[in-house]
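The values are calculated or read from the model by the stated rules, or taken from the named source; none is laboratory data. Keep in mind it's a predicted model, so treat the numbers as computed, not measured. Note that we place each Cβ from the backbone using ideal geometry, even for glycine, and neighbour counts take in every protein chain shown. Surface accessibility is based on the protein's heavy atoms, side chains included, excluding ligands, DNA and RNA. Shrake-Rupley method; radii C 1.70, N 1.55, O 1.52, S 1.80 Å.
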Amino acid sequence: MGETRKRGRKPKAPASTTETMDFQYTSASNATQTDYVAAQNDVFSAANDSVPTAAAAKNDANNPPPARRGRGRPRKSEAGHMEDTEPHAAASPEWRPYQNGALVLEPPPQPVAKWESVAARVVPAMDAVVKVFCVHTEPNYSLPWQRKRQYSSSSSGFIIGGKRVLTNAHSVEHYTQVKLKKRGSDTKYLATVLAIGTECDIGFLDVVAMLTVSDDEFWEGVSPVEFGDLPALQDAVTVVGYPIGGDTISVTSGVVSRIEILSYVHGSTELLGLQIDAAINSGNSGGPAFNDKGNCVGIAFQSLKHEDAENIGYVIPTPVIMHFIQDYEKNGAYTGFPILGVEWQKMENPDLRLAMGMKSDQKGVRIRRIEPTAPESHLLKPSDVILSFDGVKVANDGTVPFRHGERIGFSYLVSQKYTGDTALVKVLRDSKILEFDIKLATHKRLIPAHTSAKPPSYYIIAGFVFTAVTVPYLRSEYGKDYEFDAPVKLLDKHLHAMAESTDEQLVVISQ
């Protein structure tokens with residue numbers, strides 16, 4: 001009896017048993033698991049097909065059914081089969097080979113979403129990242145009796161131990177009100193500013209500030225961020241925060257491209273800094289940078305915007321962060337990073353080393369000037385050669401050993417100290433080696449870089465307004481490019497002058 005002809009289709013030659021086996025079954029001798037996975041979609045594709053029993057499966061193995069006819073084209077063979085890697089809510093059962101050659105029916109293992117293993121490691125750290133909302137009211141340095149119009153900003157922060165939150169200091173500078181919002185929450189919690197690290201400034205902005213929240217509900221279900229070690233070059237870092245472009249949390253990744261000493265607070269303090277190639281946008285400031293273990297290795301704070309530079313972002317590393325935290329815990333307030341209080345020059349010129357009486361095995365840097373307000377001003381003298389600091393020898397280029405294959409400026413050793421600590425400094429003076437125990441203190445500049453969130457001081461007499469010169473005043477009067485537009489005499493005082501006493505100020509008539 002001939003086959004019944006379907007409407008609109010030409011009769012099709014009956015498929016042989018061998019061809020049928022290629023698409024539905026395969027003998028146990030040459031079967032692979034991939035073939036069965038591919039075959040199950042043909043055998044169990046119809047919703048009305050009933051699930052066969054084990055006995056039926058055995059009979060089907062001995063007497064395979066005829067080829068199934070359908071309107072679509074048959075599935076491709078193993079060579080053209082593409083494995084589906086997407087997770088499914090429910091998978092169809094599949095045939096499995098048995099030892100005697102029969103086929104038994106057993107359900108496949110349930111697929112596990114790939115993101116579940118990643119979420120188990122990332123989510124706890126990301127849940128500690130918060131969004132910081134702040135209302136600012138800046139002083140008007142040109143009209144010191146007034147304040148500027150209020151404005152709002154948003155940035156990032158993260159929770160640390162002791163029910164505290166870290167963020168960038170510029171995020172809460174001149175704050176009127178600060179609120180925090182956790183990830184996935186619709187509630188903003190009122191925060192209190194504990195300390196602001198006004199000296200941790202890498203030429204652009206303040207770095208570290210510490211907050212807290214009195215509402216216990218804010219701390220429920222959140223684990224504090226754990227700090228990791230200082231990363232090495234090419235270590236992967238992930239920056240988490242709330243940058244512009246959306247309201248939800250954002251994640252960018254990169255590697256550590258440079259580790260060096262950076263000039264903070266317009267050259268008054270030199271601290272360690274990390275350079276990464278991860279994208280850091282407005283709003284990322286204050287957000288943590290995690291390593292591949294989920295530990296915080298720094299705080300993102302700025303990206304370099306320049307026509308000749310790409311993918312350059314800066315991160316405040318954990319040594320600077322821990323110094324800020326321990327300084328607050330030790331003194332009950334932020335006291336700042338101490339400095340040595342000297343200007344020095346390199347001794348790489350052999351003739352200069354010979355003139356200073358240095359031997360061939362001696363290395364160090366020469367002191368050019370000493371600040372009159374520095375505690376060691378009565379101990380050290382100009383033209384002294386600093387040979388070592390706390391037992392660490394200083395090279396002719398002013399660097400000290402850091403890690404394997406790395407050297408760093410010896411000011412890094414000074415930045416690890418706290419205000420009031422002492423350090424053993426070995427110097428060469430008149431071909432003699434001398435040692436001094438020097439007490440370290442914070443820096444006193446003739447033109448301060450910050451006003452410590454205080455309103456500017458001024459005095460009005462006979463219609464004249466006298467005010468102290470500060471960097472915010474120069475920026476207010478001459479704009480962001482004040483280093484080019486301000487009068488030369490003020491710039492000379494700003495860049496080169498030293499205060500003769502701790503209470504000395506530079507005063508000008510502003511009005």
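Here the stretch 417-468 and the stretch 470-511 have alpha carbon centers that stand 16 Å from each other. Apolar share of the accessible surface for the stretch 342-440: 49 percent from carbon plus sulfur atoms, 1.4 Å probe.
Lys-Lys pairs in the stretch 126-218 that are eight or more residues apart or on separate chains and whose Cα atoms lie under 17 Å of each other come to 10. For the peptides 275-286, 133-144, 393-404, the ranking by packing is 275-286, 133-144, 393-404, with the highest mean count of neighbouring Cβ atoms within 10 Å listed first. In this structure the stretch 342-440 gives 54 Å² per residue of accessible area when probed at 1.4 Å with all protein chains present.
Taken about its Cα centre, the stretch 342-440 carries a charge dipole of about 140 debye when Lys and Arg each add +1 at the Cβ and Asp and Glu each add -1 at the Cβ.
Count neighbours as other Cβ atoms within 10 Å of each site's Cβ, and list the trypsin sites (Lys or Arg not before Pro) in the stretch 347-386 that are DSSP loop with at most 12 such neighbours.
Details: sites: Arg353, Lys359, Lys363, Arg366, Arg368, Arg369; in loops: Lys359, Lys363.
Those satisfying the criteria are Lys359.
Pairs exceeding 21 Å between alpha-carbon atoms, taken from Lys393/Lys432; Lys330/Lys381; Lys346/Lys439: Lys330/Lys381; Lys346/Lys439. With an a/c value of 1.5 or above and a/b not larger than b/c for the gyration tensor axes a ≥ b ≥ c computed over the alpha-carbon atoms, the stretch 458-509 is described as oblate. Electrostatic tally near Tyr141: other residues with Cβ closer than 10 Å to its Cβ, Lys and Arg +1, Asp and Glu -1, net 0.
Leaving out ligands, DNA and RNA, what percent of the accessible area of the stretch 126-218 is carbon and sulfur, probe 1.4 Å?
Details: 1660 of 3780 Å².
With neighbouring chains kept in place, the figure for the stretch 126-218 is 44 percent.
Average accessible surface for the stretch 126-218: 41 Å² per residue, computed with a 1.4 Å probe over protein heavy atoms with every protein chain in place.
Accessible area per residue, 1.4 Å probe, Å², for the stretch 458-509: what's the number?
Numbers: 3430 Å² over 52 residues.
Computed with neighbouring chains in place, this is 66 Å² per residue.
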